[in-house]
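This report refers to the structure that appears directly beneath it.
The values are calculated or read from the model by the stated rules, or taken from the named source; none is laboratory data. Keep in mind the model is a prediction, meaning the values are calculated, not measured. Reconstructed Cβ throughout: ideal geometry from the backbone, glycine too, with neighbour counts over all protein chains shown. Note: accessible area is taken over every heavy atom of the protein model, side chains too, but ligands, DNA and RNA are not part of it. Shrake-Rupley method; radii C 1.70, N 1.55, O 1.52, S 1.80 Å.
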Amino acid sequence: KQWYQREYGVPVQKSPRFYPTEDCKTPLKNRRVVKPTKLRGSIVPGSVVILLAGSHRGKRVVVLKQLPSGLLLVTGPYKINGVPLRRVDQTYVIATSTKVELPALPAIGDEIFKRKGKPTKNEKEMFVDNAGDNSYKISAEKVALQKEIDALVVPAVKKVDMLQSYLRSRFTLTKGQFPHEMKF
Amino acid sequence: MLYKRYIEIGRVCFIRLGDDIGKYGVIVDLVDQKHLLVDGPDGIGRKVVRLNQVALTDIKINIPRGCKTKTVRTAMAKEGVEAKLAATSLVKKFAAKNAKAQLGDFARFKNRVAKTASNRKIRSTVRKLKKSS
């Protein structure tokens, strides 16, 4: 047999052409798996919840669902206590044991809550145009969605005796009441 | 002032503080100036309790000092201690206080609304009576 006809073994993994003179540590592999936020067992679509922070603090509000971002979608309903469709983190909320039977609601995602970013510099212009009114204006789409949701949730609330006045009232602590000793 | 409820063997006492709160037992022996040996139904068994943990009731049964748990329990069943206890105001008040603590936020709201409504009625009636007199 000639040299070109002989059979040779070739390594599957060749040894590297270069390796450092000293062993250097390799960083650990990032094995992080992004999981959806685990919702507290006490919070369920339809449960009444007390908001603890923000301009609506103390208000009792109905949870509609958990959004894909992990936040709770919540509504007063707007007609009852002025809390609109809003996203809220479950850590800023006290869950009560009261639950409202909600009918089937239209699908809502995180997209309608995304705010428009600040105007960024255009390549051609020198300065960023901040002179215009960049304050937040509620979109007509949101107003329409709020009306639609209220039309479904408010009748469900009115079915339960005194629940509407309960949602209109704010949560307060009086003398002798300690939240860690209270049952909600 | 005449004391009517004595710390004595056979006195039924209601435990108002500590781990065994809400339970009751019968005084079986005295340990020292501040401790009692108490024996009761399954939930509590035979145990030393402090005097301040305990509230004495009107009920007293006949048992010898330091008798066995079995004896205590048969004596309690014979006298109908549990039924008598449930009728005492002490136990009733404790049960009411417990029930109030278990109320949820909505129930507390409803109670508050009812209370303000009734208070308003009472005040207006009193005012009317004052005016007429």
Practice task
Would you jot down the residues in the range B:84-104 that end up with at least 30 Å² less accessible area in the complete protein assembly than in the chain alone, with a 1.4 Å probe?
Solution key: B:Gln102
Exercise for the section: Could you quote the convex hull projected area for chain A, Cα atoms only and averaged over all directions, in nm²? Expected result: 26.3 nm²
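Tally up the carbon and sulfur contribution to the accessible surface of the protein assembly as shown as a whole percent, 1.4 Å probe, everything protein left in place.
55 percent
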Practice task
Evaluate the relative contact order of chain A (contact order divided by residue number), counting alpha-carbon pairs under 8 angstrom at least 6 apart; express in whole percent.
Solution key: 20 percent
Exercise for the section: Enter the angle in degrees (range 0 to 90, nearest 10) between the Cα long axis of helix A:140-159 and the first principal axis of the Cα atoms of chain A, meaning the one along which they spread out most. Expected result: 60 degrees
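Give the average, rounded to an integer, of partner chain Cβ atoms located within 10 angstrom of each Cβ in B:10-19. All intermediate terms of the calculation are to be shown ahead of the outcome.
Values: counts 0, 0, 0, 0, 0, 0, 0, 0, 0, 0.
The shielding value for this peptide is 0.
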Handout entry: Average accessible surface area per residue within chain B, 1.4 Å rolling probe, Å²
Key = 69 Å²
Handout entry: Per residue solvent-accessible surface (Å²) - chain A, probe of 1.4 Å
Key = 78 Å²
Exercise for the section: Could you list which residues have their amide H under 5 Å from that of B:Gly40, counting only those 5 or more apart in sequence or on another chain, with H placed in the peptide plane? Expected result: B:Val26, B:Gly45, B:Arg46
Exercise for the section: Output ³J(HN,Hα) for the range B:80-88: one whole-Hz value per residue in order, computed from phi by the Karplus curve 6.51 cos²θ - 1.76 cosθ + 1.60 with θ = phi - 60°, and x for Gly and Pro. Expected result: x, 4, 4, 5, 5, 4, 4, 7, 6
Completion exercise
Projected area averaged over all directions for the convex hull of the alpha carbon atoms of chain B, nm², comes out at 12.5 nm²
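Sum up the charges of everything whose Cβ sits under 9 Å from the Cβ of B:Ile44, counting Lys and Arg as +1 and Asp and Glu as -1, but leave B:Ile44 out. Could the numbers behind the result be given before it?
Numbers: positive: B:Lys23, B:Arg46, B:Lys47; negative: B:Asp20, B:Asp39, B:Asp42.
For residues surrounding B:Ile44, the net value is 0.
Kirkwood Rh, the protein assembly as shown, all Cα pairs: how many Å?
Working: mean 1/r = 0.0363 Å⁻¹.
Mean inverse Cα-Cα distance, inverted, gives 27.5 Å.
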Problem - the range B:82-121 - convex hull of the alpha-carbon atoms, volume per residue in Å³ - result: 81 Å³
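Counting only GluC sites (Glu not before Pro) that are in a DSSP loop and have at most 13 other C-beta atoms within 10 Å, tell me the longest site-free stretch of chain A. Before the final figure, lay out the partial values.
Values: sites that count: A:Glu7, A:Glu22, A:Glu101, A:Glu123, A:Glu125.
No qualifying site falls inside A:23-100, the longest such stretch.
Roughly how big is the A-B contact, given as buried accessible area in Å² (both sides, 1.4 Å probe, nearest 100)?
Numbers: alone 14890 and 9750 Å², together 23620 Å².
By this definition, chains A and B bury close to 1000 Å².
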Practice task
For helix B:69-79, report the angle its Cα long axis makes with the longest principal axis of the Cα atoms of chain B; keep it between 0 and 90° and round to the nearest 10°.
Solution key: 50 degrees
Practice task
Give me the distance between the Cα centres of the range B:28-90 and the range A:132-171, rounded to whole Å.
Solution key: 58 Å
Completion exercise
Inverse of <1/r> over all distinct C-alpha pairs of the range A:67-115, i.e. the Kirkwood Rh in Å, gives 12.3 Å
